[in-house]
Amino acid sequence: MDGIQTFDGRIAGLGTDSGTRIVLGLWQRSPLGPFADAMIERADGERILVAPAPEIAELIAGLYGFDRVLVEPLRARGRERTLQVRSPRCGWTSRSGG
């Protein structure tokens, strides 16, 4: 894809005491339509992209550097102060205070 690429959505990030970082992109509009993707950075520094389709993986991996890319169904759902993310290999639920 050439030119300016516009994404409209949200980004959520969290980290664990063990050193794992997770950044979730929730895109209502993008060059490839709506989708969710996740970057998982392990405590050892390995960066993993989880994307729901090959073309999405290619687009996101072209914008950022990753050590590994997993293409698998990824579902994210937010309600009130809870965010749930599920894929065949990972899943988490986070709740914000307030």
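The values are calculated or read from the model by the stated rules, or taken from the named source; none is laboratory data. A quick note: this is a predicted structure, and the numbers were derived from the prediction, not measured. Methodologically, a virtual Cβ is constructed for each residue, glycine included, from the backbone with ideal geometry; neighbour enumeration extends over all protein chains shown. To get the accessible areas, we keep the full protein, side chains included, count just its heavy atoms, and leave off ligands, DNA and RNA. Shrake-Rupley method; radii C 1.70, N 1.55, O 1.52, S 1.80 Å.
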Discussion item. Cβ contacts < 7 Å: first residue open to solvent by 70 Å² or more (accessible area, probe 1.4 Å), restricted to the range 82-96; second residue among the aliphatic types (A, V, I, L, M), any location; separation 6+ or different chain. Result?
Written reply: R89/L70
Item to complete: Identify, by number, the condition in (1) more than 20 Å from T20 (Cα to Cα); (2) assigned to a loop (DSSP other than H, G, I, E, B) that G65 doesn't meet.
Response: (1)
Worksheet item: Restricted to the range 31-54, and to residues that are within 23 Å of I4 (Cβ to Cβ), among the aliphatic types (A, V, I, L, M) and assigned to a loop (DSSP other than H, G, I, E, B), which residue is least open to solvent (accessible area, probe 1.4 Å)?
Response: A53
Worksheet item: If you go through the range 73-85 one residue at a time, do you hit one that is of a type in the set (S, T, Y) and either part of a strand (DSSP E or B) or in contact with a Leu (Cβ under 6 Å, 6 or more places away or on another chain) (or both)?
Response: yes
Fill in: Lone unmet requirement of (1) more than 11 Å from the chain's Cα centre (by Cα); (2) assigned to a helix (DSSP H, G or I) for A57
(1)
